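Single-structure report; data block below.
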Amino acid sequence: MLNGLWLSFFIVAAVSALAQWLIGGNAGVFSAMVESIFGMAKLSVEVMVLLFGTLTLWLGFLRIAEKAGIVDWLAKALGPLFLRLMPEVPPGHPAIGLITLNFAANGLGLDNAATPIGLKAMRALQDINPSATTASNAQILFLVLNASSLTLLPVTIFMYRAQQGAPDPTLVFLPILLATSASTLVGLLSVAVMQRLRLWDPVVLAYLIPGALLLGGFMALLATLSATALASLSSILGNLTLFGLIMLFLLIGALRKVKVYEAFIEGAKEGFDVAKNLLPYLVAMLCAVGVLRASGALDFGLDGIRHLVEWLGWDTRFVDALPTALVKPFSGSAARAMLIETMQTQGVDSFPALAAAVVQGSTETTFYVLAVYFGAVGIQRARHAVGCALLAEFAGVVAAILVCYWFFG
């Protein structure tokens, strides 16, 4: 899938460049494409320098949380909920702890770190799956919730914005929180309908109702604020949450007699190993996207969508954020490249760049997650997993665009 997507970027770029040269007389398009390839290769290395630090830092703190028992506590706290949502998983099964850790990594925005943990969780669920090739209900729910990408603290998005020179990298904190809540809710409800889960169970309601009331009350409060106040609040809460979480991990670790420095180094080494494997993918996708933009093909496609949106009488500013949304179901690295490219061409704090950042932080790579997670355990029949995951992703994109108009419109 990624092979075809990547190759298609170059083929479309080549056709577009030939058309510009033979029909439009623009022979300079080829030099622009070559220049873009080398420019994007350089940018990939610059982005990776900060990505190395971000993943190393957060996996270090996450290891402290593990050793301090925070993850185990979360697993116990969420155990009653998962017993209702995944009734075929026995109480105390190791899959519950791994699922919780996976959600914790996703919640921190560490999608690259969440993947190896998620694979362990999927294998644990496969151990109790009566079928070797058909996805179980528990596996489908886990995959869809993974694809909905509940991101409470999108640190990698902050990192990309900081690398591109954003004066306030955490400006998108609240928009991502609201959009990812929408995608997760739609994902959960769609699976509940397909699997006939009893969401009205008293235990499930005891988890969902307080969360829904808290989110609803929070949105009601936000509705009373101006756009300037919303942006300011998003920044304050983003930075406060980020630092508060670090201090929480450290203090609980110290109280539990965890050697926090040694634990941090142990996790940081894992973060370094995860990060170093990402550079080839980032170079490949950024160069492909750069060629696509330099050839004029990307602008041509966006202009067509823009004319349609204008004909419908809608505002067109969100159109330049659509490349990130359109490729996200297929490839996280391609969507990441589209986001960085949008920040560079439109400006890091422009409306399209902000919308693309919120889309990137509130949706997941559905087909990639499906292929990797199910492929790792030999699942061939996905049942309703794809439909539910795509519905959640669509809800996340729509919510991201609407929330950006609310906050930055």
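The values are calculated or read from the model by the stated rules, or taken from the named source; none is laboratory data. These numbers come from a predicted model, not from an experiment. Quick reminder, even Gly has a Cβ in these numbers, built from the backbone with ideal geometry, and neighbours come from all protein chains shown. Surface areas here come from the heavy atoms of the whole protein model, side chains and all, with no ligands, DNA or RNA. Shrake-Rupley method; radii C 1.70, N 1.55, O 1.52, S 1.80 Å.
Among what's in segment 194-207 and is under 26 Å from the mean Cα position of the chain (by Cα) and open to solvent by 60 Å² or more (accessible area, probe 1.4 Å), pick the residue that is modelled with the lowest pLDDT.
Of everything passing the filter in segment 194-207, TYR207 is modelled with the lowest pLDDT.
Checking PHE243 against (1) under 22 Å from the mean Cα position of the chain (by Cα); (2) without any contact (Cβ under 8 Å) to a residue 60 or more places away in the chain; (3) more than 29 Å from ALA68 (Cβ to Cβ), which single condition isn't satisfied?
Answer for PHE243: the failing condition is (3).
Give me a count of the residues in segment 1-26 that are open to solvent by less than 60 Å² (accessible area, probe 1.4 Å), aliphatic (A, V, I, L, M) and at pLDDT 75 or above.
4
Please enumerate the residues belonging to segment 85-134 that are modelled with pLDDT of 80 or more and of a type in the set (Asp, Glu).
GLU88, ASP127
If you go through segment 71-97 one residue at a time, how many are under 14 Å from SER136 (Cβ atoms), open to solvent by 30 Å² or more (accessible area, probe 1.4 Å) and touching an Asp or Glu at 6+ places or on another chain (Cβ under 9 Å)?
Of the residues in segment 71-97, 1 are under 14 Å from SER136 (Cβ atoms), open to solvent by 30 Å² or more (accessible area, probe 1.4 Å) and touching an Asp or Glu at 6+ places or on another chain (Cβ under 9 Å).
Looking at segment 263-272, can you tell me whether even one residue there is in contact with a Ser or Thr (Cβ under 7 Å, 6 or more places away or on another chain), modelled with pLDDT under 75, closer than 30 Å to ALA337 by Cα and open to solvent by less than 70 Å² (accessible area, probe 1.4 Å)?
Checking segment 263-272: at least one residue is in contact with a Ser or Thr (Cβ under 7 Å, 6 or more places away or on another chain), modelled with pLDDT under 75, closer than 30 Å to ALA337 by Cα and open to solvent by less than 70 Å² (accessible area, probe 1.4 Å).
For ALA294, are the conditions met, namely being touching a residue at least 40 places away in the same chain (Cβ under 8 Å), crowded, with 18+ Cβ neighbours inside 10 Å, more than 17 Å from PRO352 (Cβ to Cβ) and not charged (D, E, K, R)?
yes
State the number of residues belonging to segment 368-406 that are aromatic (Phe, Trp, Tyr), more than 15 Å from the chain's Cα centre (by Cα) and modelled with pLDDT under 85.
2
Exactly one of these conditions fails for LEU189: (1) under 19 Å from SER232 (Cβ atoms); (2) of a type outside the set (Ser, Thr, Tyr); (3) surrounded by fewer than 23 Cβ atoms within 10 Å (Cβ to Cβ). Give me its number.
(1)
Can you name the residue in segment 332-367 that is part of a helix (DSSP H, G or I) and surrounded by fewer than 21 Cβ atoms within 10 Å (Cβ to Cβ) and, of all such residues, is nearest to the chain's Cα centre (by Cα)?
The qualifying residue nearest to the chain's Cα centre (by Cα) is PHE367.
To keep it simple, each residue is scored yes or no on (1) small (Gly, Ala, Ser); (2) more than 22 Å from LEU390 (Cα to Cα); (3) in contact (Cβ under 8 Å) with a residue 40 or more places away in the chain.
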{"residue": "LEU119", "(1), (2), (3)": "no, no, yes"}
{"residue": "ASP127", "(1), (2), (3)": "no, yes, no"}
{"residue": "ALA135", "(1), (2), (3)": "yes, no, yes"}
{"residue": "ILE140", "(1), (2), (3)": "no, no, yes"}
{"residue": "ASN146", "(1), (2), (3)": "no, no, yes"}
{"residue": "MET159", "(1), (2), (3)": "no, yes, yes"}
{"residue": "GLN164", "(1), (2), (3)": "no, yes, yes"}
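Could you check how many residues of segment 381-400 are among the basic types (Lys, Arg) and either assigned to a loop (DSSP other than H, G, I, E, B) or open to solvent by less than 30 Å² (accessible area, probe 1.4 Å) (or both)?
1
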